[in-house]
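The values are calculated or read from the model by the stated rules, or taken from the named source; none is laboratory data. Since this is a predicted model, take the numbers as computed values, not measurements. All Cβ positions, even for glycine, are placed from backbone atoms using ideal geometry, and neighbour counts span all protein chains on display. Heavy atoms of the whole protein, side chains included, go into the accessibility calculation; ligands, DNA and RNA do not. Shrake-Rupley method; radii C 1.70, N 1.55, O 1.52, S 1.80 Å.
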Amino acid sequence: MEDDWKPLLTSERAGESYTDRGVMDSLDPKSKRPFHVEPRNIVEDASERVSAEASVMSSRVQYYSRLTGSSDRLLVPPDHVIPAPEEIYIYSPLGTAFKVQGGDGTAKNPSIVTIFAIWNTMMGTAILSMPWSIKQAGFTLGIIILISMGLLTLYCCYRVLKSPKSIPYTDTSDWEFPDVSMVVYWVLMSNFLFNTGRFIYNYVHNVSMSDSEYGTNGTDRVLCPFPNADPERNYSSASFSLNDNSTGQDLFDRWWSKTNTVPFYLILLLFPLLNFRSASFFARFTFLGTISVIYLIFLVTLKAIRLGFHLEFHWFDSTKFFVPEFRLLFPQLTGVLTLAFFIHNCIITLMKSNKHQENNVRDLSVAYLLVGLTYLYVGVLIFASFPSPPLSKDCIEPNFLDNFPSSDILVFVARACLLFQMTTVYPLLGYLVRVQMMGQIFGKHYPSFFHVFVLNIIIVGAGVLMAKFYPNIGSIIRYSGALCGLALVFVFPSVIHMISLRRAGELRWPSALFHSFLILLGVANLLGQFFM
């Protein structure tokens, strides 16, 4: 009787047994394949009966299972013939088939949750550079480019979303790419930590910086950190108001420098967090990103109400206080927007949790609309309300928070919130980079502490060097956005779509011409960062 339970075919070859060799295979969830009933074999009636052909196939599968052991992969169906979880039916010996609902075992979200998840994920550091980017392109041209780039990146993201079905013989579920924001985050955290520390020091020691920075007067001061030398402008004297001598101030400035010391202080805080084996603890604080963006919108609205609008339209010629509506520096805006609208590396994963998969395209479009409106709202309000005169629109900084003094309480709260939020997100980004790089190179997410330690040194070193020698957040965003976008936004989605159409024999010259044009736009976007 015991022999009846043994497989008819043994897997021993030249002294090697599959029982010993396949211990790990038996733990593979793919080693035990379900019986798949193709949809064409489902008889459409209330009982979901299967056809006779499907019943015969089920008998064959049971017969093959008796020929070999469960750990033997000799007769296991290959990966590419196994359907997606939502296409799997459970076959009953009684002749019925029941479709598996939510076969991936994960909770499904309604459309509104999916939309705001995309919005929250896409809302990043680029929102701080949006007013500066619009200024670089010109007010009118900037609005036109922002809308156009939103539509282009939406279409490319749509092509990414459809890519798993376009290439049925390739597993695209793990098409994730390292985040390019870690260097940007380090520069911004250095900036926020510097201004937060200065606010606390000035408050404790009763230091007034109102006469040491060039800008407007009043309760809502706006600064021009790097004004052009102009004898006609009324520059304030660079003097401090202190209760005692300036020895303490000089010592503080020496040890609390935005580029020389603060980027290194961050190492003490963030480097130990990067070495955690799991980043699940920091994932609990992702909601802070939404709170920070909402507070920024509130801050921008309040500043615009208090400052009012200051606009003059000069189409091609610049004036003393205003920039032209159309400027040749517009590629800097396209580079920033490529990163601002970038979610192409994780859109497939985000959309898998959508409850109604048939609404994926609609939900993606609504999310892009909300993101575009948010960027447009912040960029236009800050640009329009920037007080010109007496300040020039060219004074708008790549991080618009730098146009407000460190003594501004509302801006201090914004910087403190963003600093804490980025401190919790940075280990998550490091974890993603570690998982993707270590998984590709060593096949393990955490091969050893030494490997992770070396990787983290490289990541942190890149951020420290950038924060010290090139802390221009706008340029970092536009260069990284254009470089990353060339491959992941323009080239890969277009090429994959054309290959899938060519395989199906449906590629026509209008489609080939349009998608080739998208690739050329990506190349021009990258080259424009170096020549404009």
**As computed over region 386-532, the Cα convex hull volume per residue (Å³)** = 194
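Can you sort PHE298, PHE321 by solvent-accessible area, 1.4 Å probe, largest first?
Reading off the accessible areas and sorting them downward yields PHE298, PHE321.
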**Under-5 Å amide H pairs with GLY215, H placed in peptide plane, nonlocal only** = CYS224, SER236
**Prompt:** What residues have an amide H closer than 5 Å to that of ASN354, excluding those fewer than 5 places away on the same chain, when H is modeled at 1.01 Å from N in the peptide plane?
**Reply:** ASN109
**region 379-532, accessible area per residue, ligands and nucleic acids excluded (1.4 Å, Å²)** = 44
**Area accessible to solvent at PHE514, 1.4 Å probe radius, in Å²** = 90
**Asked** What residues have an amide H closer than 5 Å to that of SER257, excluding those fewer than 5 places away on the same chain, when H is modeled at 1.01 Å from N in the peptide plane?
**Response** VAL262
**Integer Hz, Karplus 6.51/-1.76/1.60 couplings in order for region 251-261, x for Gly and Pro** = 5, 5, 4, 5, 9, 10, 9, 4, 10, 8, 10
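Considering only protein heavy atoms and a 1.4 Å probe, what is the carbon-and-sulfur percentage of the accessible area of region 425-532? Could you put the intermediate results ahead of the total?
Values: 4240 of 5650 Å².
Result for region 425-532: 75 percent of the exposed heavy-atom area is carbon or sulfur.
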**Asked** Which order do LEU269, LEU328, LEU333 take when ranked by solvent-accessible area (1.4 Å probe, heavy atoms of all protein chains), largest first?
**Response** LEU328, LEU269, LEU333
**Complete:** Expected field for VAL293, accessible surface area in Å² at 1.4 Å probe radius, rounded to 10, holds 10
**Request:** Can you tell me how much longer the chain between PHE514 and ILE441 gets when fully stretched, taken as 0.36 nm per residue apart minus their C-alpha distance, in nm with one decimal?
**Result:** 22.7 nm
**Complete:** With LYS444 itself left out, Lys, Arg at +1 and Asp, Glu at -1 over residues whose Cβ is under 13 Å from its Cβ give +2
**³J(HN,Hα) computed for each position of region 109-120 - Karplus, 6.51 cos²θ - 1.76 cosθ + 1.60, integer Hz, glycine/proline x** = 9, x, 4, 5, 5, 5, 4, 6, 5, 5, 4, 5
